[in-house]
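The values are calculated or read from the model by the stated rules, or taken from the named source; none is laboratory data. None of the values given here were measured: they were computed from a predicted structure. Positions of Cβ are generated from backbone atoms using ideal geometry, with glycine treated the same way; all protein chains shown enter the neighbour counts.
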Amino acid sequence: MHDFSLATLGGLAIGAAAVLMMALLGRVTGISGIFWTGLSQAMNRTAGILSWQMLFVLGMVSGAFLAHRAFGLPLPPVSEHNLLVAIVAGWVVGFGTNLGSGCTSGHGVCGISRFSPRSIFATLTFMFAGFATVFALRHLLPVVT
């Protein structure tokens, strides 16, 4: 199967998951919020280790692995980038998710489809920030990578 076909199937699956989440649970599919809530509940033992949030995350990870196996695709290689850069990048993403009251999936997939002005602005903001970061790392600070 061609990469475009796999990307199309992946996009359709993401859209279907977002629609099902809204239809069945009345909730926006914001992955960072789902992950953080599940992790917080597990750490505080308020919902057990297998809350629906943690099952959702487990399904995403195992689904990606199974898709790679089903289509005979290799797993992505381990990054050669500096571990410190990865840690800082993860922190910045988490900070931005908290600051923007949501992540790319919540704003970009669910918010834009509901014509939320806040989500449209948030999506434009994080897309611009991503473009600027890639430009800076590739052209201005090539030593870091």
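With the structure loaded, tell me whether F71 is touching a residue at least 12 places away in the same chain (Cβ under 8 Å), closer than 29 Å to R118 by Cβ and surrounded by 11 or more Cβ atoms within 10 Å (Cβ to Cβ) or whether it fails that test.
Values: touching a residue at least 12 places away in the same chain (Cβ under 8 Å): yes; closer than 29 Å to R118 by Cβ: no; surrounded by 11 or more Cβ atoms within 10 Å (Cβ to Cβ): yes.
No.
Give me the pairs, please: first residue somewhere in region 116-136 and aromatic (F, W, Y), second residue anywhere and in a loop (DSSP other than H, G, I, E, B), beta-carbon distance under 8 Å, and either six or more positions apart or on two chains.
F126/G100
Would you say S101 is modelled with pLDDT under 85, in the same structural domain as V28 (by TED's automatic domain parsing) and among the hydroxyl-bearing types (S, T, Y)?
So S101 fails the test.
Specify the residue that is nearest to G33 (Cα to Cα); the eligible residues are those in region 91-115 that are of a type in the set (V, I, T) and touching a residue at least 12 places away in the same chain (Cβ under 8 Å).
Here is the first cut: in region 91-115, the residues of a type in the set (V, I, T) are 92-93, 97, 104, 109, 112.
With the extra rule that they be touching a residue at least 12 places away in the same chain (Cβ under 8 Å), the set shrinks to 97, 104, 109.
Working: T97: 9, T104: 11, V109: 14 Å.
Only one residue fits best here, namely T97.
Considering (1) within 17 Å of the chain's Cα centre (by Cα); (2) part of a helix (DSSP H, G or I), say which one F121 fails and leave the rest.
(1)
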